[in-house]
Amino acid sequence: MIGRALSDSPAGYGAVTRAFHGAIAALVLWQFAMVLAYRLLGEHNATLNAIYGVAPHGPVGLLVLLLVIPRAVWAFANRKRRPSYSAGLAGRLARAAHVLIYALLVLVPTVAVVRQYGKGKGWDVFGIRLFEPTGVTNDALVAIADATHSPMSWTLLALIGGHAAAAALHGLVWKDRVVGRMFGRRARALDAAAR
Ligand code: HEM
Ligand code: HEM
């Protein structure tokens, strides 16, 4: 029974997928909230700097990368028993959006980590030395990240916006069981599926 609650089923996502979804959503929304807050309030706002210091951009982004890999492995391991997409255009769109979101959740932090390495200045994350300073800059690596990190991030935000809007439509307008597959009591999703 516990195994069933942890794993995904055709009627709803299990506890592990839900935990990954919630944790990564919170971290990614934090990234955008901080970037936008800095744009709004400027670089020198003391309160903002204090909040930012608790969970800075680079380490939080790295955590997203470290979480999205086991999340993708878990999704793959559960692929035969996950909720399925509807057959029409909406289902195809949802699947494409989810695949794109996964791809960007890997690519956005990866190019930034590569840039950090390419700068040659070293990188310590929460006291752990990830890269030694080399004093040598790899201009090509830095240029690739400079050209891609920002546009890919904003594309990700646009997809997330569409994704949340779709969830709102399902929950508030169509009132179907899609939101119940990721949130709320799983029993309800199971009951709904059995109807
Ligand atoms: C803002 C609030 C959010 C809501 C209300 C929400 C809602 C949902 C719902 C209802 C599903 C299940 C859809 C289905 O069964 O077809 C889902 C799946 C998914 N969501 Fe979200 N979501 C939110 C934020 C996010 C964010 C920020 C991300 C990415 C960082 C994200 C990525 C995904 C992915 C990739 C899936 C596919 C299932 C999986 O493989 O885990 N969601 N979401
Ligand atoms: C899911 C993870 C991440 C998200 C969603 C994200 C998002 C963003 C966004 C929205 C911007 C602002 C772009 C602009 O001003 O147009 C940005 C900039 C930046 N990010 Fe990230 N980021 C992530 C991971 C990382 C990581 C892991 C690092 C460091 C290793 C990093 C380093 C930077 C730097 C240095 C900038 C300023 C230069 C630039 O715009 O490329 N980011 N990020």
Give all pairs with beta carbons closer than 9 Å in which a residue from region 25-54 that is of a type in the set (Gly, Ala, Ser) meets a residue that is open to solvent by less than 50 Å² (accessible area, probe 1.4 Å); count only pairs at least 6 apart in sequence or on separate chains. ALA25/ILE160; ALA37/ASN45; ALA37/LEU48; GLY42/LEU48
Return a yes/no flag: does region 32-53 have any residue that is near ligand 1 (Cβ under 10 Å from one of its atoms), under 21 Å from the mean Cα position of the chain (by Cα) and within 30 Å of GLN116 (Cα to Cα). yes
Might you let me know whether region 154-174 holds any residue that is open to solvent by less than 50 Å² (accessible area, probe 1.4 Å), small (Gly, Ala, Ser), modelled with pLDDT of 95 or more and farther than 30 Å from ALA11 by Cα? no
Would you be able to tell me the number of residues in region 75-103 that are closer than 21 Å to VAL179 by Cβ, of a type outside the set (D, E, K, R) and part of a helix (DSSP H, G or I)? 13
Of the residues in region 103-136 that are among the charged types (D, E, K, R) and more than 26 Å from VAL73 (Cβ to Cβ), the one that is most open to solvent (accessible area, probe 1.4 Å) is LYS121
Expected single match for farther than 23 Å from ALA97 by Cα and within 12 Å of ligand 2 (Cβ to nearest atom) among ASP146, ASP139 is ASP146
Could you list, in sequence order, the residues of region 1-31 that are more than 15 Å from the chain's Cα centre (by Cα), within 13 Å of ligand 1 (Cβ to nearest atom) and part of a helix (DSSP H, G or I)? ALA15
Across region 110-155, the tally of residues that are more than 16 Å from ligand 1 (Cβ to nearest atom) and either hydroxyl-bearing (Ser, Thr, Tyr) or outside any helix (DSSP H, G or I) (or both) stands at 22
Would you be able to say whether some residue in region 62-74 is of a type outside the set (D, E, K, R), over 20 Å from ALA164 (Cα atoms) and not in a helix (DSSP H, G or I)? no
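The values are calculated or read from the model by the stated rules, or taken from the named source; none is laboratory data. Computed from a predicted model, the values in this text were never measured in an experiment. As a convention, Cβ positions derive from the backbone with ideal geometry for all residues, glycine included, and neighbour counts pool all protein chains shown. Keep in mind that these areas ignore ligands, DNA and RNA; they rest on the heavy atoms of the full protein, side chains included. Shrake-Rupley method; radii C 1.70, N 1.55, O 1.52, S 1.80 Å.
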